[in-house]
């Protein structure tokens, strides 16, 4: 079979997956509840989930975060801080961009152990091995590594409200007094009328996760205040993303 033609079974898988996604979106939009779409052994969406899982590392994460990382490097007052760790760092695009833009910064990335080799290769390719290291762990079951600044990019929207609070609380505990947490996502505008991408992403979370959802800047600032952050503010980033900053 030529490289340009799909195998009939692959074409059928993609067609069935498209139908399943359309049905899932319809249910999620109508009910406001997660569909729990997940791979089933032998089901038509197994291949898609295998691809999706592999893309959570490497180029996919870098592509999603590069613009945000560059803007955060420019907008945030890094001269007041000396260390930064990206929570859920994947290959390390965000800490690498921050370190390249601010030579005084050290730190690294925290993620599941499987992300370690990709992170170390990416950091080494940018000549940052002496300043950035990989911290293996699970952000629900392990303590977060301490730093002056913690970053959570495209993380919170994957999880339920209770799990969001858990992650924010763990970040607060890991920060020193005066430390900062930077959260960025496709944050919905407070009036819920402008950032259509964020609204669609929230619908997507209903499909792809058991309880995830996107949120407004006001939501995130309120959660941070409830946990104990003494000051919060929000700033737009390129595209649909915004960041919310909490100061401990």
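Nothing in this text is a laboratory measurement; each read-out follows from the coordinates by a stated rule. Because the structure is predicted, anything quoted here is derived from the model rather than measured. Counting neighbours? That spans all protein chains shown, and the Cβs are built from the backbone with ideal geometry, glycine included.
Label positions at residue 82 and residue 112, each projected 7 Å from the Cα along the C-beta direction, are separated by 3.5 nm. One Cα centroid belongs to the range 224-248, the other to the range 135-186; the line between them spans 12 Å.
Compute log10 of I(q)/I(0) for the range 59-247 with the Debye formula, placing one identical point scatterer on every Cα and leaving out solvent, at q = 0.08, 0.15, 0.17, 0.18 Å⁻¹, to two decimals. These q points yield log10 I(q)/I(0) values of -0.22, -0.84, -1.11, -1.26.
Compared with the direct C-alpha span, the chain from residue 233 to residue 177 gains 18.4 nm at full extension, assuming 0.36 nm per residue.
Report note on the peptides 82-93, 110-121, 224-235: ranked by the mean count of other C-beta atoms within 10 Å, highest first, their order is 82-93, 110-121, 224-235. Using a simple spin-label model with pseudo-atoms 7 Å out from Cα toward Cβ, residue 121 and residue 160 lie 3.7 nm apart.
Each of residue 142 and residue 100 was given a label point 7 Å from its Cα along the Cα-to-Cβ line. The distance between the two points is 2.6 nm. Extension gain, residue 74-residue 247: 0.36 nm per intervening residue step, less the Cα-Cα distance, totals 60.5 nm.
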